[in-house]
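FYI, it's all coordinate maths here, none of it is from the lab. A quick note: this is a predicted structure, and the numbers were derived from the prediction, not measured. Positions of Cβ are backbone-derived with ideal geometry, glycine not excepted, and every protein chain shown enters the neighbour counts.
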Amino acid sequence: MTRSSTAEAGVRRRLLAVLFAGTGLTRAGYIAAITVTILVAEDLLGSPTFAGLPAALVVVGMALGTTPVSTYMARHGRRAGMVLGQVVAAVGALLAAWATVRGSFLGLVAGLVVFGLGNSADRLSRYAAADVAPVRYQGSAIALVVWAGTIGSVLGPVLLEPTQRIAEGLGLPGLAGPYVLAFVTFGLVALLDFTGLRPDPLTFRPEERVDDGGRPVALRQVMEIPAAKVAVASLVVSQLVMVLIMTMTPIHIRDAGGDLGTVGVVIAAHTFGMFGLSPLTGWLSDRYGRIVVVVVGQILLAGSGILAAVAPGEATLQLVVALFLLGLGWNLGFVAASALLVDDLPGEWRLRAQGFGDGLTWGSGAVAGLASGILLGLGGFGFLAVVGAVLTAVPLTVVVRVRR
């Protein structure tokens, strides 16, 4: 290996380290903020009826933000887009903290929409990792950044109580503390990205940059590409099925007499499935191909839905296995589909296609969160889980058609 190639490899590793650290920190702040949002909303409204609305609007903000943010990145670079997103998210978190202090539900809603808009940039960081990685390791690079979500899923909840105590010590409502934590973490990552993402990840993929005169790519054009069809179908359905089943699992357990400890064990297994094995998922995607991993992911999602459908609420071990497989199936579908949006699209279309894909993905998650309660009321948890299993037929059908 020549000296120049060794230096370039070192730069790539440093940029990946910055992206990994940034995603871990922002995900910790994000999860802490989202965890307390339903409690803050219930306190402000005096009723749980619409308490889930602000958290749902965070996802709506993410869905709305991905396309303009990815377009901005295509024109000005990953670094500029990610710094802008982190700053916007920090402002949203600060506004949510202010609304908590002032007792303003509308302020909370506005702050969380802004928070979601900015957070869309962080969710696109996995594509920045793919830009940095050599072509044969792009799936592994995406998986590495997804794996950083493990840090947030552990660190965020752990910091809830300390931030509450700090806020109370300052004479603020305790539930404002996690929003201040989110403000701090997103602000720190904005600084980290500004100083650390040099050179810009798109330096390694100059074909993805567009000038100010570039025409927007129509969704119809993107969806004419076979790889994009499979990728978008997998991203959207994986998110739909995962959110649909996961959201109502705690209620299914509680209705059977289970306590919060049982809920915690089952959801911990689920989050481990979502993030814990990401390096393996990336390696499988690079080794055996994106389509193969997408298909395996959908099969696991379908199997988890059937297993959950026949699991009584008191069957903790069965639900642990089902929710673990649900998370793992999501991870396989998410990582491999994201890699497809890097591999097989024209360079100048990639960032906008990634924005389209993520916008539809987070939008489908919001729809699933709202629909889960309706389906539970219509036919119970078993019916809801079967609906989720059936939905996996969509990407599998797309794969068969594309192969033909």
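When a/c reaches 1.5 or more, the comparison of a/b and b/c decides; with that in mind, is segment 1-199 rounded, prolate or oblate per its Cα gyration tensor? In terms of gyration-tensor shape, prolate. Our summary gives segment 219-404 a relative contact order of 41 percent, counting only alpha carbon pairs under 8 angstrom and 6 or more residues apart. Taking a sphere under 14 Å around the Cβ of ALA366 and counting the other residues whose Cβ falls inside, with K and R at +1 and D and E at -1, yields a net charge of 0. Each of SER372, SER338, SER125 was scored by other Cβ atoms within 10 Å of its Cβ. Arranged with the fewest first, they read SER372, SER125, SER338. Histogrammed with a bin width of 10 Å, the alpha carbon distances of segment 219-404 distribute as 10, 38, 33, 15, 4, 0 percent, first bin at zero.
Candidates PRO250, PRO178, VAL146 compared by Cα position along the dipole of the chain: farthest toward the positive end lies VAL146, with charges placed on Cβ.
Any idea what the dipole of the chain comes to, in debye rounded to 20, about its Cα centre with Lys/Arg Cβ at +1 and Asp/Glu Cβ at -1?
Details: 27 positive and 22 negative charges, 215 e Å.
Dipole size: approximately 1040 debye.
Across segment 233-241, rounded Karplus estimates of 3J(HN,Hα) from the backbone phi angles (6.51 cos²θ - 1.76 cosθ + 1.60, θ = phi - 60°) give 4, 5, 4, 5, 5, 4, 5, 4, 5 Hz, Gly and Pro being marked x. Placing +1 on the Cβ of every Lys and Arg and -1 on the Cβ of every Asp and Glu, with nothing else charged, gives segment 290-404 a dipole about its Cα centre of roughly 320 debye. Across q = 0.11, 0.14, 0.21 Å⁻¹, segment 103-246 modelled as identical point scatterers on its alpha-carbon atoms has Debye log10 I(q)/I(0) values of -0.65, -1.00, -1.52, in the order of the q list. Normalising by residue count, the chain has a Cα convex hull of 138 Å³ per residue. Entry for segment 172-324 at q = 0.15, 0.16, 0.18, 0.21 Å⁻¹: log10 I(q)/I(0) = -1.09, -1.13, -1.16, -1.23, Debye formula applied to identical alpha-carbon scatterers, no solvent contribution. Other residues whose C-beta falls under 14 angstrom from the C-beta of LEU235 contribute a net charge of +3, scoring Lys and Arg +1 and Asp and Glu -1.
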